[in-house]
Amino acid sequence: MKQETITHLRQNLYQTVDDIIRTGEPVVITRHQFQVQLSLVSPPSKLSRLRAHKTIVGNPDDLISPTVSQWNEAKNL
């Protein structure tokens, strides 16, 4: 959990709120000996934070239509 002072929050309010929205991680604000927590009311799902990336190497059509003749049980076990 990230912690900031009230002075730092005042100088970087929009950036702090954007960070909370992007990461879903709450921020604790300290003023004197008191602490206040800023967090999302409904945090984003983990799936919504995933980024797309290329994971298939080669032709994706080869994954769709495998041929039975390629499997040799004695050799592959």
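The values are calculated or read from the model by the stated rules, or taken from the named source; none is laboratory data. All figures in this text were calculated on a predicted structure; none of them were measured in a lab. Every residue, glycine as well, gets a Cβ built from its backbone with ideal geometry; the counts of neighbours run over all protein chains shown.
Computed values, structure above
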| quantity | calculated |
| --- | --- |
| Residue that is surrounded by the most Cβ atoms within 10 Å (Cβ to Cβ) [pool: residues in the stretch 16-25 that are in a helix (DSSP H, G or I) and among the acidic types (Asp, Glu)] | Asp19 |
| Residues satisfying the stated conditions in the stretch 14-25, i.e. at pLDDT below 95 and of a type outside the set (Val, Ile, Thr) | Asp18, Asp19, Arg22, Gly24, Glu25 |
| Among (1) surrounded by 11 or more Cβ atoms within 10 Å (Cβ to Cβ); (2) modelled with pLDDT under 90 - the single one Thr5 does not satisfy | (2) |
| Residues of the stretch 26-59 classified as modelled with pLDDT of 80 or more, in contact with a Leu (Cβ under 9 Å, 6 or more places away or on another chain) and part of a loop (DSSP other than H, G, I, E, B), total | 1 |
